[in-house]
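Values quoted throughout were computed directly from the atomic coordinates according to the rules given, and no laboratory measurement underlies them. Only a predicted model underlies this, so the values are computations on that prediction, with no experimental measurement involved. Ideal geometry is used to build each Cβ from the backbone, glycine not excepted, and the neighbour counts take in all protein chains shown.
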Amino acid sequence: SRELENGIGSLSKITDGSRIERVNELKARMQRARQSLQSFKVEMRELPREEMPAYDQKAKQHALALQKLETDLEWAKSEAERSGMGLRNVDEMTTGEVIQAASRVQDKSLSSLGRMKAQITDTMQLGTDTAS
């Protein structure tokens, strides 16, 4: 799990192209870690009763650590995909870039509104033609 922690921590230093590759590698390692935990739990069945609680506690701690790492890895994956698509966080943009992005959204909204108005007009005309 320490290797996974280091791998997830180093994702921010990797360029966008290889970041997704690295995330996939870490996902494979995460799967192997989960399989190891399952094997550990199976082998715990053979332990004497008095030794079980200590090993059970270790298994629970390891499961919690893996769960946290998996959450971090999913976040890193979504960030890598988002940066790969060219999407940027508002905090990373300059004021001018934010204004340009807002203008593009408004332009798309206005053109969409125009298409809806035309469609409504066509629908009303079709209804009028059908009624007559």
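Structure data summary
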quantity	calculated
Contour minus Cα-Cα distance for I120 and S36 (0.36 nm per residue)	24.2 nm
Extension gain (nm, one decimal) between T130 and E81, 0.36 nm per residue minus Cα-Cα	12.7 nm
Which of H62, G127, N6, positive extreme of dipole for the chain (C-beta unit charges)	H62
FRET efficiency, 1/(1 + (r/R0)^6) with R0 25 Å, evaluated for E25 and L64 via beta carbons	0.65
